[in-house]
Structure formats: structure tokens, C-alpha cells
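Peer 1: Mind having a look at this structure? Questions to follow.
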Amino acid sequence: MSGKDIWNDLVKLRQNAPLVHNITNYVVMNISANALLAIGASPVMAHAPQEVAEMVNIASSLVINIGTLSDKWIEAMTLSMRAAAIKSIPIIFDPVGAGATTYRTKTCIDLLTETRPSVIRGNASEIMALLDSEIQTKGVDSAANATDAEVAAISLAKKYNCVVVVSGATDLITDGNKRNLVNNGHAMMPKVTGLGCTATAIIGAFAAVNTDTMAAATNAMATMGICGELAAEMSAGPASLQMNFIDTLYTLDEQQIIRTLR
Amino acid sequence: MSGKDIWNDLVKLRQNAPLVHNITNYVVMNISANALLAIGASPVMAHAPQEVAEMVNIASSLVINIGTLSDKWIEAMTLSMRAAAIKSIPIIFDPVGAGATTYRTKTCIDLLTETRPSVIRGNASEIMALLDSEIQTKGVDSAANATDAEVAAISLAKKYNCVVVVSGATDLITDGNKRNLVNNGHAMMPKVTGLGCTATAIIGAFAAVNTDTMAAATNAMATMGICGELAAEMSAGPASLQMNFIDTLYTLDEQQIIRTLR
Amino acid sequence: MSGKDIWNDLVKLRQNAPLVHNITNYVVMNISANALLAIGASPVMAHAPQEVAEMVNIASSLVINIGTLSDKWIEAMTLSMRAAAIKSIPIIFDPVGAGATTYRTKTCIDLLTETRPSVIRGNASEIMALLDSEIQTKGVDSAANATDAEVAAISLAKKYNCVVVVSGATDLITDGNKRNLVNNGHAMMPKVTGLGCTATAIIGAFAAVNTDTMAAATNAMATMGICGELAAEMSAGPASLQMNFIDTLYTLDEQQIIRTLR
């Protein structure tokens with residue numbers, strides 16, 4: 001990972017404006033769409049079983065987030081993931097609240113078993129729960145650190161042959177062999193609802209322009225952390241952080257990336 | 001269109017606080033409601049088939065937006081549009097993503113055929129797709145300019161005997177005979193998710209207080225453009241633009257309108 | 001009610017980060033989640049009938065808001081309320097738009113009859129409509145003052161043996177015997193969509209750390225009013241008010257509470 005690599009992906013994103021298809025939760029739809037627009041992508045949200053395969057067909061990547069799941073939506077997720085696999089576009093999977101209820105954990109396992117994603121992104125609790133369904137999560141917030149989940153992340157990456165991203169104060173990205181760490185970010189970021197879900201969407205944007213999935217996921221997480229840090233300097237609290245974060249995604253330049261990347 | 005006309009509508013809106021019933025998409029519900037409140041209207045969101053007709057009965061206009069459509073919601077849209085036609089209140093229709101999938105295009109044609117709206121507002125791609133279902137749109141963002149869609153807009157206005165609004169850098173408003181152009185606006189506005197959908201909601205507010213539908217739609221689009229321009233001057237990026245835009249809808253006065261209108 | 005009491009609850013909230021389970025409407029999910037995070041709670045949104053009882057089981061309070069109701073969601077509300085009653089955690093109920101349609105009023109009565117909540121919070125029209133289904137509300141905005149609803153609030157509190165909160169310029173909180181009034185707040189607050197719903201969620205947070213329900217509801221409403229006032233001083237319009245309000249929930253300290261409380 002280098003500032004130059006991140007910048008190259010960002011330039012491609014802004015030039016190509018790839019269509020990122022999102023089936024995500026109600027809470028974060030607005031911020032996810034705004035973050036994708038700000039970074040240079042073209043977001044679309046569609047969940048009707050009648051249209052998801054057709055929408056995937058014009059998309060460059062697919063983001064699946066189970067945050068406010070229900071049976072009808074799971075059907076749409078399944079259909080869209082199948083279509084994405086056939087079209088060979090990246091699938092980014094967010095197991096929100098895995099471990100909090102049996103329904104969530106089971107839905108994740110079912111979807112992951114049916115269609116292999118390119119990237120799974122979750123917090124430490126969620127990643128651990130995907131591997132060991134006995135682990136109990138407290139709602140959608142993590143009870144563990146990203147590095148605590150390293151062993152689980154490596155096993156999960158090997159099991160589904162994908163990249164696993166564990167977000168936290170330090171983000172961990174692994175394909176089961178290599179490991180990248182991202183140390184950018186700010187302590188106030190977890191106080192903004194949906195920034196984790198937004199990270200998943202932003203990985204979808206980077207994966208749409210960079211076929212090296214480890215690099216795309218790492219560059220996306222570094223961009224999240226850099227923008228979070230730059231935004232936090234200007235912010236009195238989490239709501240101004242949310243606003244400044246989106247503005248920073250939009251205005252971010254090469255010098256800021258190089259200067260801020262740790 | 002004159003600054004005085006726009007101001008007169010705005011005064012009526014703030015005095016009467018008309019109830020605008022919205023059946024719209026998940027992504028934009030919050031910003032649409034906030035924009036309607038800021039302009040002086042009273043928004044309500046309700047989509048249960050059991051209640052939509054009754055809600056229409058206390059409303060002054062109806063806004064239908066298919067952005068995140070599904071079968072259950074289409075049923076509610078159909079019932080509410082029928083009720084609005086019986087009560088003779090304006091229906092404003094937003095064909096989000098028409099042309100992107102067969103399901104979207106077909107749903108639009110079905111709804112428009114069943115009940116004539118007062119206004120259809122879309123971007124150039126969507127308006128063209130409503131007339132020629134062979135046209136393929138890229139997600140929900142337009143691949144064409146508003147003026148490219150002029151012929152389609154005129155035909156569509158004649159076909160459904162309604163006003164058609166094509167948003168873009170220049171907005172085009174036509175009833176099939178007359179044509180108004182709105183040149184206000186700012187290049188950063190398409191980077192805020194849902195500002196097009198918000199325009200549709202704002203047309204609903206103006207149409208609730210001005211029975212001249214061409215004038216209402218034009219004044220609404222001019223107000224959107226003026227507030228977008230004024231807000232952009234204060235904004236570092238799309239998220240601060242969204243905030244300043246809503247604030248400006250709330251504080252907008254006659255002098256600002258007259259000074260900014262092109 | 002004293003500044004010290006409010007502060008004590010706030011300290012507990014920030015220390016314990018209680019999980020607040022919300023089944024709420026699409027319009028306000030994002031602002032409710034952000035407000036709960038900012039005040040120190042841990043929000044979760046889940047509405048699938050398959051998982052709500054299990055989610056309630058790890059939660060410290062349950063917030064039910066019928067704003068964008070439909071049959072499937074009512075089923076989830078019923079199941080979660082039953083589970084909360086069994087687990088004896090507080091249920092906070094928001095009858096959004098009661099009186100606007102038969103479906104809304106009937107749903108409220110059914111839910112309240114089936115499971116007694118700890119707190120009902122609504123505007124004056126909604127509270128009156130819960131008692132007298134002949135009262136017609138205009139959408140989701142109140143046509144009456146909080147104090148107009150005092151008789152209805154007392155009757156309702158006695159009927160369901162719960163605390164009733166009527167929000168308005170002055171908020172009224174009653175358990176049928178005692179009465180608290182909160183005079184903090186700002187005239188621009190009703191121009192922000194979902195601040196009423198947010199109040200309901202914030203009551204959920206306070207009730208999770210304070211077993212005296214009258215005190216918890218009063219402290220929550222005072223915190224809403226204080227933060228609204230402090231935020232309004234910095235705000236040009238309703239959108240900056242919304243942002244500054246969330247930031248203030250996050251940064252609020254004891255001195256600000258004591259200085260601002262009326």
C-alpha cells in the first residue's frame with residue numbers, strides 16, 4: 001500500500017464512475033449513496049427480486065449488507081449474488097450483527113455458502129461469529145478488537161477463498177496468506193452510524209476499478225481512515241464528522257493522501 | 001416565470017403548510033421530508049395499502065417515486081394514485097431508474113396508463129426511456145442532457161396530457177405546447193443523493209398551492225436551482241451542500257430569489 | 001427534575017452504552033441511530049419476525065415507532081413487545097400519525113392493549129387520538145398544543161398504567177398522578193423531521209439506565225430541549241440544527257445542563 005496506489009485508484013474511480021449496486025440496510029442507505037457519489041462512483045439501490053439480476057448486469061460491483069434483513073430481501077440478495085458470480089463482478093459482503101441473532105448468523109452462512117464473495121468486511125465480533133456460531137455479539141457494535149479476530153479472519157478468508165476485512169482502530173485485511181494493516185482513522189468514527197457499512201460500499205467502489213482485491217480493499221480502508229482523520233480535525237461531534245467525512249471523500253487529493261497515510 | 005411569482009407561491013406554502021403525501025424511496029425519505037418541512041409544507045410518508053387512500057384524502061398533493069420499488073409498494077402507489085385522481089389533487093410522478101431494468105420501465109408505464117399524473121419529473125435518460133422502452137439507462141444517473149430529451153418530453157406530455165420536467169444543468173418544463181427553461185443550479189448538485197427526488201417532492205409542495213401546473217413546476221425547479229446555487233457558495237463538498245441547501249429553502253427571501261434567478 | 005439528575009443519567013448512559021432495540025420508521029432510522037450513539041447508547045434496528053425476540057433478549061430497552069407501518073412490521077412489533085414484557089425491559093411507544101388514518105389508530109390500540117408499554121410519547125393530536133378515535137389528525141404534525149392534551153394524557157396514563165409524554169413547545173410528562181413540565185426547546189425543532197421520533201428513542205436510552213420511568217422520561221425530554229436550544233444558537237436553519245443537535249448530544253456536559261435547564 002502506498003499513497004500513489006490509493007491515488008491511482010481514486011483517479012480511475014472519478015474518471016469511470018462505476019455503477020455500484022447496493023442491497024443494504026435502511027439505516028445507512030443515504031450515507032452509503034452519498035459516500036459513493038462523493039468518491040466518484042455511481043450508486044444504485046434496488047432490491048426487488050424481479051429486477052436485481054438485471055441491475056447487476058449493468059453494474060461493476062455488488063454490495064450486500066444484511067443490516068435490516070428480512071426474508072424477501074434475502075431472496076433478492078441470493079439472486080443478485082448469483083448474477084454477480086455469473087457476470088464475474090466483485091461481491092462485497094457485510095454481515096451486520098452476525099452473532100447477535102441466529103437468523104443473522106444463519107443467513108450469512110447460507111449466502112456465503114451459496115455464492116463466494118470477493119470481500120467480507122465486518123467488525124471483530126461479526127467476523128468471529130461467522131466462523132464460530134457460538135459467539136454472541138452485542139447488537140451491531142463490536143465487543144472485540146480487530147487484531148483479536150486475526151486468526152478468525154485468516155480461517156474465514158481460506159474457507160471462502162476471499163479477502164476478509166476486520167475494521168477497528170487498526171483495520172486488518174487478509175486473503176488468508178498476506179496481511180495488511182491500516183492505522184488511519186479516528187476514535188469518533190464509531191459514533192457515526194453506518195460508517196462501517198459505508199466502508200463496505202467504498203470497498204465496492206475500489207474493487208470496481210482495481211482487480212487486485214487485496215489492494216482494492218486495503219486502499220478503500222486507508223481512504224476511509226484518511227478521510228475520517230482529516231474530517232475529525234474540523235468536527236465538533238459525530239454529525240459534523242459525518243458531513244466533513246463525505247466532503248473530504250469528494251475533495252481528497254494526492255498530497256492529502258500521502259501526507260496523512262501512516 | 002418571475003421572481004415575484006416564485007415568491008408568491010412560497011408565501012402561500014409557508015402560510016398554508018399543505019400536507020404532501022409521499023410514497024417514495026428509502027434512500028431519500030429523510031432529505032425529502034426535511035426539504036418539504038424547510039419550504040413550509042407538511043410531509044407525510046405512508047405506504048400501507050390499508051391506509052394510503054385515507055391519507056390521500058387529507059392531503060393536498062401526492063408524490064410517487066419508484067426509486068426502491070417492490071410489488072407491495074406498487075400496489076400502494078396504484079391505490080393512492082386512484083384516490084388522488086378521485087379527489088382531484090395533483091400527482092407528481094418520479095420514474096427513478098426507468099430504462100435501467102424492465103421491471104422499472106414496465107411499472108412506470110402501468111402506473112401512468114392507469115392514472116394520469118399532473119407532473120412527471122425525471123432526468124433525460126428516464127424521460128426518454130418512458131417513451132421508448134428500448135433505451136437503456138445506466139442505473140439512476142442520466143447519460144444524456146435535459147435538452148437532448150426535449151422531443152421525448154413533448155411527446156410524453158402530449159401522451160399523458162401532463163407537464164413533464166426534465167432536470168439537468170438546464171431544466172426543461174413542458175406541457176407539450178409551451179416550454180420553460182430553468183438555468184439556475186450548480187454542478188455539485190448531482191453529487192448529493194436524492195436532490196432529483198427532492199425536486200419531485202418540492203414540485204408536490206408548489207402544486208399544492210398553485211393550480212397552474214406549468215407555473216408550479218417551473219417555480220419549484222427555479223427554487224431548487226436558486227437554493228442549490230446559494231448553498232454551493234457556502235459548501236466545501238456535497239454533504240455541506242445538502243445541509244446548506246435545506247437551510248436555504250428555509251430562509252429563502254424575495255430579494256434572494258430576484259437577485260439569483262437567471 | 002434537576003440538572004444533577006439529568007447529568008447522573010447521562011454519565012450512566014455513557015458508561016454502560018445500553019443496547020436500545022428500535023423498530024422504527026424509515027424516515028428517522030438514521031437520525032435516531034445517530035442520536036442514540038451520540039448520547040452514549042448502542043442502537044440496533046431489526047424488524048424480521050424471525051429475530052426480534054432474540055434481539056430483545058440482549059437489549060436494555062425497546063423502542064416501537066409506527067411511522068411507516070405495514071402488516072409485516074406490526075407482526076414484528078407485537079412479537080418484540082411480548083418478548084420485552086417477558087424480559088421486563090422498558091417499552092417506549094410512539095404512535096406516529098395516530099388519528100390520521102383508521103389503520104394507524106387501530107394498530108396503536110391493538111398493540112397497547114396486547115402489551116402495556118412503559119412510556120407513550122406523541123404530540124398532542126396523537127395522544128388525544130389514542131383516547132378518542134373520532135379525533136382527526138393532520139398527517140404527522142400536531143394541530144394542538146401539548147397542554148391541550150393534558151386531560152387526555154392523564155386518562156391515557158391511567159388506562160394503560162404507563163407514563164405519557166406529550167411533546168410540544170412545553171413538554172408534559174405524566175403517570176396519571178404526577179405531572180412534570182419541560183420548558184426547554186426551540187421553535188425551529190419541529191422543522192427537523194424526526195426529532196419527535198428521536199425523543200422517543202432518547203427516552204429509550206434514559207429508561208435503560210434509570211428505573212424511575214417518570215424521571216427517565218423527564219430527563220430525556222429535558223436533554224432533548226437543552227440540546228435543541230444550544231444547537232439552535234449555532235444554526236442557520238433546520239439542517240444545521242439537526243447536525244448541531246447531534247453534536248451537542250455528544251459533547252453535552254454538566255455545566256451546560258445546569259446553565260440551560262429552565
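Peer 1: Mind checking which residues of the range A:47-77 are assigned to a helix (DSSP H, G or I), at the interface with another protein chain (Cβ under 7 Å from one of its Cβ atoms) and buried (at least 22 other Cβ atoms within 10 Å of the Cβ)?
Peer 2: If the condition is that a residue be assigned to a helix (DSSP H, G or I), at the interface with another protein chain (Cβ under 7 Å from one of its Cβ atoms) and buried (at least 22 other Cβ atoms within 10 Å of the Cβ), then A:55 is the only one that fits.
Peer 1: Also: Restricting attention to the range B:10-29, which residues are in a loop (DSSP other than H, G, I, E, B), of a type in the set (A, V, I, L, M, F, W, C) and touching a residue at least 40 places away in the same chain (Cβ under 8 Å)?
Peer 2: Passing the criteria: B:27, B:28.
Peer 1: Okay, moving on. If residue A:171 satisfies all but one of (1) of a type in the set (Asp, Glu); (2) in contact (Cβ under 8 Å) with a residue 40 or more places away in the chain; (3) over 25 Å from residue A:25 (Cβ atoms), what's the number of the condition it fails?
Peer 2: Among (1) of a type in the set (Asp, Glu); (2) in contact (Cβ under 8 Å) with a residue 40 or more places away in the chain; (3) over 25 Å from residue A:25 (Cβ atoms), residue A:171 violates only (3).
Peer 1: Go through the range C:243-253 and give me each residue that's more than 8 Å from every other protein chain (Cβ to nearest Cβ) and not aliphatic (A, V, I, L, M).
Peer 2: The one that is more than 8 Å from every other protein chain (Cβ to nearest Cβ) and not aliphatic (A, V, I, L, M): C:253.
Peer 1: So, residue A:180, is that one surrounded by fewer than 24 Cβ atoms within 10 Å (Cβ to Cβ) and over 29 Å from residue C:44 (Cβ atoms) or not?
Peer 2: yes
Peer 1: Run residue A:239 past the list (1) closer than 28 Å to residue C:22 by Cβ; (2) under 14 Å from the mean Cα position of the chain (by Cα) and report the number of the one that doesn't hold.
Peer 2: (2)
For (1) closer than 21 Å to residue B:47 by Cβ; (2) in contact with a Phe, Trp or Tyr (Cβ under 9 Å, 6 or more places away or on another chain), each residue gets a yes or a no:
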position	(1), (2)
C:51	no, yes
C:60	no, no
C:63	yes, yes
C:66	yes, yes
C:74	yes, no
C:81	no, yes
C:105	yes, no
C:112	no, yes
C:119	no, yes
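Peer 1: Something else now. Within the range A:152-166, is even one residue within 14 Å of another protein chain (Cβ to nearest Cβ) and either under 16 Å from residue A:197 (Cα atoms) or not charged (D, E, K, R) (or both)?
Peer 2: no
Peer 1: Same structure again: Scan the range C:191-218 residue by residue and report those that are β-branched (Val, Ile, Thr), over 12 Å from the mean Cα position of the chain (by Cα) and crowded, with 24+ Cβ neighbours inside 10 Å.
Peer 2: C:192, C:193
Peer 1: Does residue A:88 satisfy the criteria of being at positive phi and polar (S, T, N, Q)?
Peer 2: Answer is yes for this residue.
Peer 1: With C:199, C:146 as the choices, which residue is aliphatic (A, V, I, L, M) and modelled with pLDDT of 95 or more?
Peer 2: C:199
Peer 1: Identify, by number, the condition in (1) within 26 Å of residue C:57 (Cα to Cα); (2) aliphatic (A, V, I, L, M); (3) buried (at least 24 other Cβ atoms within 10 Å of the Cβ) that residue C:221 doesn't meet.
Peer 2: Going through (1) within 26 Å of residue C:57 (Cα to Cα); (2) aliphatic (A, V, I, L, M); (3) buried (at least 24 other Cβ atoms within 10 Å of the Cβ) one by one, residue C:221 breaks only (1).
Peer 1: List every residue pair whose Cβ atoms sit under 8 Å apart, with the two residues 6 or more apart in sequence or on different chains, where the first one lies in the range C:49-63 and is free of Cβ contacts under 8 Å to residues at least 60 places away in the same chain and the second, anywhere, is among the β-branched types (Val, Ile, Thr) and part of a helix (DSSP H, G or I).
Peer 2: C:51/A:102; C:54/A:102
Peer 1: Residue A:9 passes all but one of (1) more than 10 Å from chain B (Cβ to nearest Cβ); (2) of a type in the set (D, E, K, R); (3) in contact with a strand residue (DSSP E or B) (Cβ under 9 Å, 6 or more places away or on another chain); which number fails?
Peer 2: It fails just one condition, (3).
Peer 1: Can you tell me which residue within the range C:226-242, out of those that are away from chain B (no Cβ under 14 Å) and part of a helix (DSSP H, G or I), is surrounded by the fewest Cβ atoms within 10 Å (Cβ to Cβ)?
Peer 2: Checking each candidate, the answer is C:229.
Peer 1: Same structure again: Checking the structure you have, find out if any residue of the range C:211-225 is in a loop (DSSP other than H, G, I, E, B) and modelled with pLDDT of 95 or more.
Peer 2: Within the range C:211-225, one or more residues are in a loop (DSSP other than H, G, I, E, B) and modelled with pLDDT of 95 or more.
Peer 1: Can we say residue B:44 is out of contact with any Pro (no Cβ under 9 Å at 6 or more places or on another chain), at pLDDT 95 or above and part of a helix (DSSP H, G or I)?
Peer 2: Considered against the rule, which asks whether it is out of contact with any Pro (no Cβ under 9 Å at 6 or more places or on another chain), at pLDDT 95 or above and part of a helix (DSSP H, G or I), residue B:44 comes out as no.
Peer 1: In the range A:32-41, how many are in a helix (DSSP H, G or I) and more than 7 Å from every other protein chain (Cβ to nearest Cβ)?
Peer 2: 4
Peer 1: For the range A:112-134, check the following and say yes or no: at least one residue is within 14 Å of chain C (Cβ to nearest Cβ), surrounded by fewer than 24 Cβ atoms within 10 Å (Cβ to Cβ) and among the acidic types (Asp, Glu).
Peer 2: So far as the range A:112-134 goes, no, none of its residues is within 14 Å of chain C (Cβ to nearest Cβ), surrounded by fewer than 24 Cβ atoms within 10 Å (Cβ to Cβ) and among the acidic types (Asp, Glu).
Peer 1: In addition: Answer with yes or no whether residue C:256 is surrounded by fewer than 24 Cβ atoms within 10 Å (Cβ to Cβ) and within 14 Å of chain A (Cβ to nearest Cβ).
Peer 2: In short, yes.
Peer 1: Please find, within the range A:174-225, the residue that is farthest from residue A:16 (Cα to Cα) out of those that are within 14 Å of chain C (Cβ to nearest Cβ) and not hydrophobic (A, V, I, L, M, F, W, C).
Peer 2: Filtering the range A:174-225 for residues that are within 14 Å of chain C (Cβ to nearest Cβ) and not hydrophobic (A, V, I, L, M, F, W, C), the one farthest from residue A:16 (Cα to Cα) comes out as A:191.
The values are calculated or read from the model by the stated rules, or taken from the named source; none is laboratory data. Every value quoted in this text rests on a predicted model; they were computed, and no experiment measured them. Every residue, glycine among them, receives a Cβ derived from its backbone with ideal geometry; neighbour counts consider all protein chains shown.
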